[in-house]
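Computed from the coordinates by the stated procedures, all read-outs in this text should not be read as laboratory data. These numbers were taken from a predicted model, which means no experiment stands behind them. Ideal geometry is used to build each Cβ from the backbone, glycine not excepted, and the neighbour counts take in all protein chains shown.
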Amino acid sequence: MSEREKSGMATSTKVILAVVGIGGVALLVCCGVAIWFFSQSFDVIENPDDVQAMADSIATIEIPAPYQPYRGMKFDLGVSMQMALFSRNGGNQQGAVVLMQMAAPGQQNDEQMKAQFRQQMQQSGQNQEINVESSETRTFVIDGEECDFEFVSGTDQSGNQVRQVTGVFPGRGGAAFLMVLEQEDNWDEDAVVQMIESITAE
């Protein structure tokens with residue numbers, strides 16, 4: 001196994017842990033569910049077809065071809081969470097696309113979760129592994145709703161140039177979250193923009 005392959009799998013693991021961390025904080029703040037209970041109660045999905053089906057249940061989205069279904073996680077404790085991770089070449093290289101959705105009874109909780117997703121992104125929940133050099137917020141209209149996505153450029157802890165995109169949008173079953181993390185050499189901004197523009201929950 002090459003050093004690049006090892007690094008790619010480590011990146012996928014970091015992505016999973018980062019997104020689970022955001023989900024746990026959102027649960028704690030919005031719904032009063034203990035993070036320990038959350039961490040003990042999720043199921044890991046490894047079958048690519050099941051990961052794709054989970055992504056489809058969150059929203060319709062055209063994932064760029066290099067990214068393949070890699071891992072999924074879900075749980076349902078009154079508040080439900082599901083996450084689908086697509087990794088470049090099936091986890092053997094750096095780069096990932098993540099779809100995550102959380103839902104709770106009542107519209108107020110759903111709005112609180114959207115706000116919490118945004119707050120965690122702004123407070124370095126996703127940027128803690130990146131030394132941010134530039135950041136731009138772009139607004140996309142998804143199913144008639146204006147949704148902000150943050151486009152970040154910087155370096156990771158190894159000094160590699162990386163790109164990251166994060167945003168919150170209305171999913172089929174509640175507030176949904178998208179994250180893209182990619183090495184500069186593999187970055188295709190047009191493909192990422194087209195992916196965001198393809199999102200619909202209708």
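Spin-label point model (7 Å from Cα, Cβ direction): what's the A65 to V193 distance in nm?
With each label placed 7 Å out from Cα toward Cβ, I get 2.1 nm.
Quick check: residue separation of Q157 and N89 times 0.36 nm, minus the Cα distance between them. What number comes out in nm?
22.2 nm
Sort F140, F149, F86, F75 by Cβ crowding within 10 Å, fewest neighbours at the top.
Lowest to highest Cβ neighbour count: F140, F75, F149, F86.
What list do you get for R138, R163 if you sort them by fewest beta carbons within 10 Å?
Working: R138 13, R163 20.
Sorted ascending by nearby Cβ count, the order is R138, R163.
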